[in-house]
Amino acid sequence: MTVQLDNTAISSKELIARTGISRATLNNYISLNLIPTPSVRKPEEPGGPTKIGYFPVWVVERIEKIQELKGAGMRMAAIAAHFNKDEVEVTDDDSQRVGDFAYQSIEKIVFPAILVNQRWEIIWINQMAEKVFFKESVHEIPTAANRNILRLFLQESLERRFRNWKEILAAHLRLAKRDLSEDRVEQICRQVETCPIEELRQLWRESKPLQDRPITQQELVFKPYKGKSTRHTLFSSDFREGTLLLYTPLSMQLDQILNLLMGRERLVKALLSRRIPSLTSLCILAGRLESGLHLRTALPPHEYFDLINQVILTSHQCFKDYGGTPGRSIQEGVVCFFLSGPDSPREYLHSAIQCAQALKQMVTALDKRWKYKKVWKNTLQLNMGIHCGEEWLGTIPSSLAFEFTVMGETLIETVNLSEFAQGGSIWASKKLIENMLPEDRQRVEFGVGIGTGRERFVSPGIYSQVRELISGDELQRRALGEISNLAVTEIINVHPSIDQDL
């Protein structure tokens, strides 16, 4: 979408005021292609910002319709599909004009090809691989766990299609030994009703792991019940994002495959552009920098960007330390996704809270350095919100890499919760706290402040709706109406486990 400016264009500031949505919600609608990207120009009124975004006036009606559909219970993914179905799509002919060699190479692969992550869940697959191995479209399987390639193989897809299914499975087990344990493979097997667990255990123990090389190859024969046997080479190439499996005809020249695999950076970018979105249980942490000074005004440009970069880099390192995946930074804020793991499906909730506590301490140290550097009394704090839900997780391209993003209300509500937080506080949703493991929840000190001034105290272990914690005028002024009914609590402290004490 692009904006065609006319006399009836409306500024982003006026649009937010008329519709009552937050700026985070507005940005989310733009990213979902529900409304066009604004055209940036000088504002008509002097004395304000030097530049501001303008939308066509019909966007007001579009946002009101979106809010109406949300109120009727429709999820954001369905709303996006509803409005985008009539948008003009880029044709295959148009995409081929781009000239991205790696992208075109991936599209033109005429043999089976699959990309799995380190849990061996399929994150990309071409139609040829679906046709050869599976009786269903892998792209239509919503959850990543159900797209585990070993699980799909064990659901009779190999046994029913190939006489030598054990040989084919063993070739994949040799590769999987780099990432999976025997217990994890047996756990996957138990999720399949007809899984031959004893045969699988024997195959696993007999399969010798391949040497740790960037590219490996194994000779593989397909002996289908219907049709002729065919000979192939199974190439595997390891990337940070996972393992690429190529099932090439034995007659194919090796240099053709190597030429494809050697362009690793372009190849990964092309693969991730086709990554299958997954319905994923996740926890989101959003942080917003608070300062007593308007930093853009108070600091020279180079110092302002230096400070913001320090906040982002510090946050991203902390996110990675606690198993999180950084998302796209939002103005003077940060976002991180914590994903549910197969072995510990609820541990990610506690990891997000631990990360927030550690990040609070890191920003406090950063504040001390800037107090010393600038000789000021200004205090830098990171206000944080943490929330969880189940959303469609995918990637979007940027100029340098591919970034995680989600479709749905969880991200919007989390960002709004960070806008609600003040004074460097950490606020979490009741949904997050109550879904934690009991032993993890016992280590989290939380509650809601009651009273004002010296009479204020924290009532431990309780929750409150956002609208009960601030006045109606403040709720409207801060554009927090979308989380007015969200039950929340403040994270006071996170106590270490016994193992950490030792």
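The values are calculated or read from the model by the stated rules, or taken from the named source; none is laboratory data. No experiment lies behind these values; they were computed from the predicted model shown. All Cβ positions, even for glycine, are placed from backbone atoms using ideal geometry, and neighbour counts span all protein chains on display.
Report whether or not residue 278 is modelled with pLDDT under 85 and surrounded by 14 or more Cβ atoms within 10 Å (Cβ to Cβ).
Values: modelled with pLDDT under 85: yes; surrounded by 14 or more Cβ atoms within 10 Å (Cβ to Cβ): yes.
The answer is yes for residue 278.
Yes/no matrix, rows are residues, columns are (1) of a type outside the set (A, V, I, L, M, F, W, C); (2) in a strand (DSSP E or B); (3) in contact (Cβ under 8 Å) with a residue 60 or more places away in the chain:
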site	(1), (2), (3)
283	no, yes, yes
288	yes, yes, yes
296	yes, no, no
304	yes, no, no
312	no, no, no
317	yes, no, no
323	yes, no, no
350	yes, no, yes
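Pick from the stretch 142-154 the residues that are at pLDDT 85 or above and in a helix (DSSP H, G or I): which of them is surrounded by the fewest Cβ atoms within 10 Å (Cβ to Cβ)? Talk me through it step by step, then tell me what you get.
Taking the stretch 142-154 and keeping what is at pLDDT 85 or above, we get 146-154.
Narrowing the set further to residues that are in a helix (DSSP H, G or I) leaves 146-147, 149-154.
Numbers: 146: 16, 147: 23, 149: 24, 150: 23, 151: 20, 152: 21, 153: 23, 154: 24.
For the stretch 142-154, the residue satisfying everything is 146.
What number of residues in the stretch 352-379 are touching a residue at least 24 places away in the same chain (Cβ under 8 Å) and not in a helix (DSSP H, G or I)?
The number of residues fulfilling the criteria is 4.
Just checking, how many residues over the stretch 325-348 are assigned to a helix (DSSP H, G or I) and of a type outside the set (Asp, Glu)? So that I can check it myself, show each step before the final result.
Looking only at the stretch 325-348, we keep the residues that are assigned to a helix (DSSP H, G or I), and these are 347-348.
Then drop every residue that is not of a type outside the set (Asp, Glu), which leaves 348.
Residues flagged as assigned to a helix (DSSP H, G or I) and of a type outside the set (Asp, Glu) within the stretch 325-348 amount to 1.
Are any of the residues in the stretch 357-374 among the basic types (Lys, Arg), at pLDDT 90 or above and in contact with a Gly (Cβ under 7 Å, 6 or more places away or on another chain)?
For the stretch 357-374, residues among the basic types (Lys, Arg), at pLDDT 90 or above and in contact with a Gly (Cβ under 7 Å, 6 or more places away or on another chain): present.
Counting just the residues of the stretch 438-455 that are among the acidic types (Asp, Glu) and modelled with pLDDT of 90 or more, which one comes out nearest to residue 468 (Cα to Cα)? Explain how you work it out, then say what you get.
So the first thing to find is which residues in the stretch 438-455 are among the acidic types (Asp, Glu), and the list is 439-440, 445, 455.
Keeping just the survivors that are modelled with pLDDT of 90 or more gives 439-440, 445.
On the way: 439: 29, 440: 27, 445: 21 Å.
Looking at residues that are among the acidic types (Asp, Glu) and modelled with pLDDT of 90 or more, I get 445.
Go through (1) surrounded by fewer than 13 Cβ atoms within 10 Å (Cβ to Cβ); (2) in a helix (DSSP H, G or I) for residue 228 and report which single condition fails.
Result: residue 228 fails condition (2) only.
Please identify the pairs in which a residue from the stretch 98-120 that is at pLDDT below 50 has its Cβ atom under 6 Å from the Cβ atom of a residue that is part of a helix (DSSP H, G or I) and not small (Gly, Ala, Ser), counting only partners at least 6 apart or on another chain.
Listed by first residue and then by second, the contacts come to 102/266; 102/267.
Can you tell me which of (1) within 36 Å of the chain's Cα centre (by Cα); (2) in contact (Cβ under 8 Å) with a residue 40 or more places away in the chain is the one residue 203 doesn't meet?
(2)
Restricting attention to the stretch 181-215, which residues are outside any helix (DSSP H, G or I) and closer than 24 Å to residue 161 by Cβ?
Going residue by residue through the stretch 181-215, those that are outside any helix (DSSP H, G or I) are 181, 191-196, 207-215.
Selection gives 191, 192, 193, 194, 195, 196, 207.
Given the structure, is residue 178 closer than 17 Å to residue 117 by Cα and not in a strand (DSSP E or B)? Before you say what the answer is, go through the steps one by one.
Values: closer than 17 Å to residue 117 by Cα: yes; not in a strand (DSSP E or B): yes.
For residue 178, the condition - closer than 17 Å to residue 117 by Cα and not in a strand (DSSP E or B) - is met.
Here's a check for you: in the stretch 162-171, which residue that is touching a Phe, Trp or Tyr at 6+ places or on another chain (Cβ under 7 Å) and part of a helix (DSSP H, G or I) is nearest to residue 118 (Cα to Cα)? Explain how you work it out, then say what you get.
Residues of the stretch 162-171 touching a Phe, Trp or Tyr at 6+ places or on another chain (Cβ under 7 Å): 162-163, 168-169.
With the extra rule that they be part of a helix (DSSP H, G or I), the set shrinks to 168-169.
Details: 168: 20, 169: 17 Å.
Among those that are touching a Phe, Trp or Tyr at 6+ places or on another chain (Cβ under 7 Å) and part of a helix (DSSP H, G or I), it is 169.
Please state which of the following conditions residue 215 fails to meet, knowing it meets all the rest: (1) closer than 26 Å to residue 110 by Cα; (2) modelled with pLDDT of 85 or more.
Failed condition: (2).
Which of the residues belonging to the stretch 425-445 are of a type in the set (A, V, I, L, M) and either touching a Cys at 6+ places or on another chain (Cβ under 6 Å) or buried (at least 17 other Cβ atoms within 10 Å of the Cβ) (or both)? Even if it seems obvious, please write down each step before you answer.
Filtering the stretch 425-445 for residues of a type in the set (A, V, I, L, M) gives 426, 428, 432-433, 436-437, 444.
Within the stretch 425-445, 426, 428, 432, 433, 436, 444 meet the criteria.
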